[in-house]
Structure formats: C-alpha cells, structure tokens
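The values are calculated or read from the model by the stated rules, or taken from the named source; none is laboratory data. Values in this document were obtained by computation on a predicted structure and should not be read as measured data. When we count neighbours, we look across all protein chains shown, and the Cβ atoms used for this are built from the backbone with ideal geometry, even at glycine.
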Amino acid sequence: MEPKTAPWPSYTILKARVDAPTWAQALERIASWAEAGESRYVCVANVHVVMEAYDHLDFRQVVNGADLVVPDGMPLVWMLRAMGRRGQSRLYGAELVLRLCQIAEARGIPVGFYGSHPQTLTRLLERLRRDYPRLRVVYAHSPPFRPLTPEEDTQDVEDMRQKDVRILFVSLGCPKQERWMADHRGRVPAVMLGVGAAVDFLAGTKPQAPRWMQQAGLEWLFRLLTEPRRLWRRYLKHNPRFILLALRQLYQWRRKTHGRT
C-alpha cells in the first residue's frame, strides 16, 4: 500500500485511512504518477467519506485501498493534528484541482474531466482556457446519471485511453466516484481524483463557502443553507455521529498514548 513507501504518515480516523502529506508531497507524487502513465486513484476525504466508510465495509475497502487519501474536510485536519500531525494542512478539493492544472500546464501533462453536468463542464473549461491557456484538456465527458451499460463503460474507457488522459478529475459524488475509481484502476491509465463538488465550485454553478467558514469547519453549514433539500439528510445522519465517534477515538488514543489502562 502506498503509505508504506510514502514520505508522510498515515492515520486511521474512525475506520478510514487518511494520509497526512504536505501540499508539495501530494502534488509531486500525483504529478510523477501521471507522467509515468500509472493507473492510480486518490480519495479526497471529508466527513461524508469517512462516515460512509464507517458504515459500509465494502466502501471502507475502497477508501483504504486508495493510492492516496488526502484530508479535505477541516474536521479531519483537526483530528490529524490532535493525533500528533502538527501543522497538517487541509488539501481542499477545489484548490487541489487548480494546483494540479497549474503543474499539468507547466509539464505538459494531459488532463481530463469525467462526471458533473454538461453545463458545468462547459463553464469550467471556459475558465481553464482563460486561466491556463497552455493546459492540455484532452477529455471532458458528462455520463448519464443512470448506471452505464458495460458497452458504454468500455467506450468511455477507450476514449480516455485514446485521448491519453494522465490526470482524470472524477466528479460523480460520494460514494459513487470512489467506487468508480476503484473499479477502473488498472483500466484507465491515469491518476484519478474524486473531487466531487469542486468542479461545480470552480465552474461557478454552485457557490463556495467564504474562507472564514471553511477555516472554521462550517462549510457544511453553508452548503446546507444553499442546498437544504438535497443535503439535510446527509448532514443529519453523519455529522452528529462523527463528532461523538471522533471524540471517543481521541479519548481512547490519548489513554493509549499516555500509557493509561
């Protein structure tokens, strides 16, 4: 598994693996995989990802089997810091996309986008052409919301291979995008990153939380207020349980760390 040879530590938050790279380490590792044409997948983890992994063994195996799991949500960053990873940064999904596009432009790495809505992809590509005029966006596809037939999936993979995509941003939503990436590792010769709503934020089709709310760990509240009908069940189900389970884990970790029985 990647963390055994990586220059960063790896932690377990509830039952999910979360790695603790710096920005520079994560970006360089992803870029080097892409340049080598390796088939890898990266989970961009938040509370939703961790709680889905906690509740479902098969999804936990997907997350824990990723080549890299970066902490996107501030609650995960706080957990890592509390468990000894002082100074750990949040690798925010939208910023991760932009930083990788900047690197890809400089190094000539072809990138692609899979998922989201056609209008969102159109607006995102307009922004990228403006901000990164030399970036090679060689693939962009919004598949139907329904499950694909085997023939459709095979055609999508063949298109990615023909276009020589090396970094593929996948925005199918959690847990669908993580499962898709795990199923396609070895088939898609690219580094796949599950970036979810980051594509919508960058395209401007969904509003981003103000920086102060992001830093305070209140991005969930902003998103709930902007999309209450879609998100209230998720936050009601996951957030209170995460707080209680995380506090219990930290209590047990500190007892064990300080040698108490």
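If we keep just the residues of region 25-74 that are without any contact (Cβ under 8 Å) to a residue 60 or more places away in the chain and closer than 23 Å to Ala106 by Cβ, which is nearest to the chain's Cα centre (by Cα)? So, considering only residues that are without any contact (Cβ under 8 Å) to a residue 60 or more places away in the chain and closer than 23 Å to Ala106 by Cβ, the one nearest to the chain's Cα centre (by Cα) is Val70. Looking at region 192-255, the helices (runs of 4 or more DSSP H) lying wholly inside it that each contain 2 or more residues that are among the small types (Gly, Ala, Ser) and within 25 Å of Tyr41 (Cβ to Cβ) sit at 198-203.
For region 66-105, residues that are closer than 18 Å to Val42 by Cα and of a type in the set (D, E, K, R) total 5.
Evaluate the following for Val157: is it surrounded by 12 or more Cβ atoms within 10 Å (Cβ to Cβ) and either under 21 Å from Gln102 (Cβ atoms) or not hydrophobic (A, V, I, L, M, F, W, C) (or both)? In short, no. Restricting attention to region 205-222, the residues being farther than 18 Å from Leu96 by Cβ and exposed (fewer than 15 other Cβ atoms within 10 Å of the Cβ) number 5. Confirm whether Val97 is closer than 23 Å to Leu247 by Cα and at pLDDT 95 or above. Answer is no for this residue.
Among the residues of region 94-119, those that are in a loop (DSSP other than H, G, I, E, B) and surrounded by 15 or more Cβ atoms within 10 Å (Cβ to Cβ) comprise Ile109, Pro110, Ser116, His117. For the criterion of being in contact (Cβ under 8 Å) with a residue 24 or more places away in the chain, over 20 Å from Phe59 (Cα atoms) and either part of a helix (DSSP H, G or I) or not aliphatic (A, V, I, L, M) (or both), Arg161 passes.
Do we have any residue at all in region 223-241 that's of a type in the set (Asp, Glu), surrounded by 15 or more Cβ atoms within 10 Å (Cβ to Cβ) and under 26 Å from Leu98 (Cα atoms)? No, there is no match, as no residue in region 223-241 is of a type in the set (Asp, Glu), surrounded by 15 or more Cβ atoms within 10 Å (Cβ to Cβ) and under 26 Å from Leu98 (Cα atoms).
Within region 116-159, which residues are closer than 25 Å to Glu28 by Cα and within 20 Å of the chain's Cα centre (by Cα)? Hits for region 116-159 are Leu124, Leu125, Leu128, Val137, Tyr139, Ala140. Within region 181-204, the residues that satisfy the criterion of being within 13 Å of the chain's Cα centre (by Cα) and crowded, with 22+ Cβ neighbours inside 10 Å are Met181, Val191, Met192, Leu193, Gly194, Val195, Gly196, Ala198, Val199. The set of residues from region 219-242 being in contact with a helix residue (DSSP H, G or I) (Cβ under 8 Å, 6 or more places away or on another chain) and under 21 Å from Arg90 (Cβ atoms) comprises Glu219, Trp220, Leu221, Phe222, Arg223, Leu224, Leu231, Arg234, Tyr235, His238, Asn239, Phe242.
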